[in-house]
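Enquirer: Pasting in a structure now, in structure tokens, and then I'll have a few things to ask.
The values are calculated or read from the model by the stated rules, or taken from the named source; none is laboratory data. Small disclaimer: the values here were computed from a predicted structure and weren't measured. Methodologically, a virtual Cβ is constructed for each residue, glycine included, from the backbone with ideal geometry; neighbour enumeration extends over all protein chains shown.
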């Protein structure tokens, strides 16, 4: 049982049942509930916002929609590295919809409301069906083909946005702002490109209107939010009982654990008004790009390095990895020697201080952030987390040795999935990746792996020293994973 002095309660202070939905969010996962919804909760508690959020799932997890509709609120347990915990009631999600399996009409109707000023997204990189390296919508994807053929019954987030914007275009109404909160470089620009390209399949004049009229601010979001587990749900409910929390009796079915740290940097280009999230800690800026790159390369890049090396070394969580001094030293070297030098930050940002803060956050054992979870969707994450920075280093004549180790670890992780005690690789390109990885034990095999479409743009195969390093590290990883931490 935790010391009661380390527990703090924060209950909803407003009439949640009376809130209109001024924000519609697509992608009701753990992150939005522990991040965006918490900023909105704080703003509502301070009397500085007049509307709540309607949140929808469009592909899976109808169960959470049912549970949130029953409960009306949920708990976010914010764990600080010092052991203290804030138990926060969140009621800012005032409406919940399930729009999958042909049930999209209720969401489309909600998006027609003149009260909606912002439509936000957390659908993960693969949910955009967008090839960032080519800046092209994946028109051959089955789901996108469906949305082109059936524009009024879309299945994808991009299709839903296009169908909704068509309503505003046809009636000469001011459209909502579209706010991507996913971990992609230039996420606003990428979302705009995807939406405009799909709109062009409907009507070229309509697509020009979207490009000229709709605002797509870029954002940088940061909070470590592990996937909920049965154990974490039980633990949070035990804390609620201990703290005598006055909400969600007798049991919270959908609580979320996260770290206490939270950051949100937002490009201040909104077309239909916005809440002032700066009152509760967000930063509105003219250019998000430096912040995006800092987070993607230093935090997310380190997370992926920890995930693949940690999985191979038998570590289940990020905090477990941080008990290995050699691995911690390697991660710090990656941040300061390969990631930080590629960044161009404002003068008041100290990247050494940022790196130290990340190591403290990664060491938070309360979170139980699974390495296997972070290892998911490598093909969608690694280009912006590792490869963009690697290209900067190579252009400067710097050999990205630790990035090469990371790529080797990813390859061995894919190879090991076929072992007798293997696992399923959760990646949309798994059917392509795994066979290529199996052959990647030689220069030729690694070159073929690096020339797959998801990675080819970065042309790492043209650098023999990079290829040699990857082959070298693959050999070492098969022999003794931990020996690579000091190389």
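Enquirer: Hey, does the stretch 348-366 have a residue that's closer than 30 Å to residue 53 by Cβ, outside any helix (DSSP H, G or I) and not assigned by TED's automatic domain parsing to the domain that holds residue 51?
Expert: Looking through the stretch 348-366, at least one residue is closer than 30 Å to residue 53 by Cβ, outside any helix (DSSP H, G or I) and not assigned by TED's automatic domain parsing to the domain that holds residue 51.
Enquirer: Only one residue in 43, 108, 87 is under 23 Å from residue 166 (Cβ atoms), in contact with a helix residue (DSSP H, G or I) (Cβ under 7 Å, 6 or more places away or on another chain), in the same structural domain as residue 259 (by TED's automatic domain parsing) and at pLDDT 95 or above, so which one is that?
Expert: Numbers: 43 fails: under 23 Å from residue 166 (Cβ atoms); 87 fails: under 23 Å from residue 166 (Cβ atoms).
From the options 43, 108, 87, the qualifying one is 108.
Enquirer: Find the strands (runs of 3 or more DSSP E) located wholly in the stretch 1-100 whose residues include 2 or more that are under 19 Å from the mean Cα position of the chain (by Cα) and in contact (Cβ under 8 Å) with a residue 24 or more places away in the chain, and list them. Full working, then the answer.
Expert: Values: elements: 7-10, 21-26, 52-57, 74-79, 85-90, 93-98.
Hits in the stretch 1-100: 21-26, 52-57, 74-79.
Enquirer: Can residue 373 be described as in contact with a strand residue (DSSP E or B) (Cβ under 7 Å, 6 or more places away or on another chain), under 28 Å from residue 126 (Cα atoms), touching a residue at least 40 places away in the same chain (Cβ under 8 Å) and surrounded by fewer than 17 Cβ atoms within 10 Å (Cβ to Cβ)?
Expert: Values: in contact with a strand residue (DSSP E or B) (Cβ under 7 Å, 6 or more places away or on another chain): no; under 28 Å from residue 126 (Cα atoms): yes; touching a residue at least 40 places away in the same chain (Cβ under 8 Å): yes; surrounded by fewer than 17 Cβ atoms within 10 Å (Cβ to Cβ): yes.
No; evaluated as a whole, the condition is false for this residue.
Enquirer: Please count how many residues of the stretch 191-240 are over 27 Å from the mean Cα position of the chain (by Cα), surrounded by fewer than 18 Cβ atoms within 10 Å (Cβ to Cβ) and under 30 Å from residue 359 (Cα atoms).
Expert: Qualifying residue count for the region: 1.
Enquirer: For the stretch 193-215, give me the residue count where each residue is in a helix (DSSP H, G or I) and either outside the structural domain of residue 269 (by TED's automatic domain parsing) or in contact with a helix residue (DSSP H, G or I) (Cβ under 7 Å, 6 or more places away or on another chain) (or both). Please lay out each step first, then the result.
Expert: Filtering the stretch 193-215 down to residues in a helix (DSSP H, G or I) leaves 193-200, 204-213.
Adding the requirement that they be either outside the structural domain of residue 269 (by TED's automatic domain parsing) or in contact with a helix residue (DSSP H, G or I) (Cβ under 7 Å, 6 or more places away or on another chain) (or both) leaves 194-196, 198-200, 206-207, 209-211.
Of the residues in that region, 11 qualify.
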